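Heads up, the thing below is written out as structure tokens.
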Amino acid sequence: MIVPEQLSFFALDETQTVITKRQGTHPKDDIVWSYSRREALEHCPRKYYYDYYGANSKTAKDEKDKAILQLAKSLKNRFLRSGEILHLVIRTYLKGCQNDKKWSDNGLIDWAKKIFQEDRKYSSSNDYRGEQSKQKFPPTRLLEYYFQHQDAEALCLESEKRLVQAIINFMKSPELASFHNGASQPNAKIEKKFVLQNGIFRAQGQIDLAYSKEDKTVVADWKTGEAGGAEESLQLTFYGLWAVNEFNCVPEKIQLFRVNLAESKVQQFFLTNKNLSRAKAKIMQDLERMRMLHSYGVNANAKAFTPCGQTKICALCPFQGICPKE
Ligand code: SF4
């Protein structure tokens, strides 16, 4: 069993592309665990293949549909896209607070709406199936339009409404005021990427917000959807693992919060050595499974990855046009 003291970190530099080693070793070509990678495999092994091998230009060189898969990968569903926009405006707002540049509520809402409206306009236009736009910040192709879902417009408008409400909740909810104050501290960490390694596994993630409060550290994760289950607590515990090492403290000194912006609900998770050990065991189990599948992925053996074929999941999948689904 690994104890937190055995873990070490790589910190991403300013450009978030270079990894600076602090300590510890790990085989360079091993799979790097992330919560999103785990989720992809859990939800649909075939989508996991498309995401991490089929559409990846560096591997699965024999994949005959690589170009189509790469185009498909650039599509986003409405939930993913509105979540990205929400994180973008919150990040910009909180970083502004650190530098005394405050955004108004309306300024943030208008900006978020403009981005999403441009996505919708582009996705519903006649040339949305052509090449990706050459703009520096191109609009995103929403898959609801690309696959001509009957109710694409209504579904995306509903997502826009939820996005606006989440921003209002973030700005105005009294339950969230302490996070605004915490984020204003000069040393608060806002959307910080990290890589964690311990000689047995390497894992990466991104913290939405972390700051010191008295003798403790607060870590907050923004969510836009329904209350999360056990799987989401794995994600939070993983962030706790980061915090324990980053701040060199015992688990009890870390306060983990899941912030549901759709409903202005704040939920605290308690970190203990026991749930840290469980999280590490799960990460290692996941990696075992991923390593077993790895050679099939590299060799473009898509058939080794079973499509989940679940209607609700498939409707949100960018690969629905090419996947056999059965
Ligand atoms: S369409 Fe469905 S079965 Fe196919 S990859 Fe996507 S989620 Fe999996």
Looking at residue 208, is it over 14 Å from residue 85 (Cβ atoms), of a type in the set (Asp, Glu), in contact (Cβ under 8 Å) with a residue 60 or more places away in the chain and outside any helix (DSSP H, G or I)? yes
Assess whether residue 113 counts as being surrounded by fewer than 14 Cβ atoms within 10 Å (Cβ to Cβ) and either over 30 Å from residue 305 (Cβ atoms) or not polar (S, T, N, Q) (or both). no
So, residue 244, is that one in contact (Cβ under 8 Å) with a residue 60 or more places away in the chain, among the β-branched types (Val, Ile, Thr), farther than 23 Å from residue 172 by Cα and open to solvent by less than 40 Å² (accessible area, probe 1.4 Å) or not? yes
Residue by residue through segment 303-320, note down the ones that are more than 6 Å from the ligand (Cβ to nearest atom), open to solvent by less than 30 Å² (accessible area, probe 1.4 Å) and over 19 Å from the mean Cα position of the chain (by Cα). 305
Can you go through 278, 291 and tell me which one is under 22 Å from the mean Cα position of the chain (by Cα) and over 30 Å from residue 217 (Cβ atoms)? 291
List the helices (runs of 4 or more DSSP H) inside segment 131-200, counting only whole elements, that have at least 3 residues being surrounded by fewer than 19 Cβ atoms within 10 Å (Cβ to Cβ). 152-172, 177-184
Go through segment 29-64 and report how many residues are more than 16 Å from the ligand (Cβ to nearest atom) and in a helix (DSSP H, G or I). 1
Within 16 Å of the ligand (Cβ to nearest atom) and open to solvent by 40 Å² or more (accessible area, probe 1.4 Å): does that describe residue 325? yes
Condition met for residue 285 (without any contact (Cβ under 8 Å) to a residue 24 or more places away in the chain and more than 16 Å from the ligand (Cβ to nearest atom)): yes
Residue 67: outside any loop (DSSP other than H, G, I, E, B) and within 11 Å of the ligand (Cβ to nearest atom), yes or no? no
In segment 63-82, which residues are among the basic types (Lys, Arg), surrounded by 15 or more Cβ atoms within 10 Å (Cβ to Cβ) and closer than 14 Å to residue 300 by Cβ? 66
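The values are calculated or read from the model by the stated rules, or taken from the named source; none is laboratory data. A quick note: this is a predicted structure, and the numbers were derived from the prediction, not measured. All Cβ positions, glycine included, derive from the backbone under ideal geometry; neighbour counts span all protein chains shown. For the accessible areas, the whole protein counts, side chains as well, though only heavy atoms, and no ligand, DNA or RNA atoms are used. Shrake-Rupley method; radii C 1.70, N 1.55, O 1.52, S 1.80 Å.
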